[in-house]
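Participant: Handing you a structure now.
Quick note: the coordinates plus some simple rules give every number you see, no bench work behind them. Just so you know, these numbers come straight off a predicted model, no measurement behind them. Every residue, glycine as well, gets a Cβ built from its backbone with ideal geometry; the counts of neighbours run over all protein chains shown.
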Amino acid sequence: MLAKFEQITAILGCISAFATAAVLMIKPLRDKVLGGKDIISGLKCLLRADMLRIYYKHHAENTIRQHERENFEAQYRAYKALGGNSFIDDIYQEVKKWEVES
């Protein structure tokens, strides 16, 4: 009985190790085949470009419309969640100080 238990434990250990290895290999392969890193890079670029467009459109007046401010903040959160760098942080801090128009 003990020998059977040891065999089952060994088999489950092998299955677990195989499943772990498969999971570790699937993500890099999926990213390579589907271009996941390229898609994320493109999304970050689009978000950054639109935030800069909003910034340069309003920076002379230091005012921003309510919906543009909300959109800017949502884009900033998405940009940071995707691993965006600190380039946009200073711009975000400045936009937060602007007067909001209704």
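Participant: Can you name the number of the only condition in (1) under 24 Å from K37 (Cβ atoms); (2) assigned to a helix (DSSP H, G or I) that G83 fails?
Facilitator: (2)
Participant: Can you tell me which residue in region 34-81 is nearest to E94 (Cα to Cα), limited to those that are touching a residue at least 12 places away in the same chain (Cβ under 8 Å) and of a type in the set (K, R)?
Facilitator: R69
Participant: Right, another one. May I ask you to say which residue of Q66, Q75, Q93 is among the polar types (S, T, N, Q) and buried (at least 17 other Cβ atoms within 10 Å of the Cβ)?
Facilitator: Numbers: Q66 fails: buried (at least 17 other Cβ atoms within 10 Å of the Cβ); Q93 fails: buried (at least 17 other Cβ atoms within 10 Å of the Cβ).
Going through Q66, Q75, Q93 in turn, the sole match is Q75.
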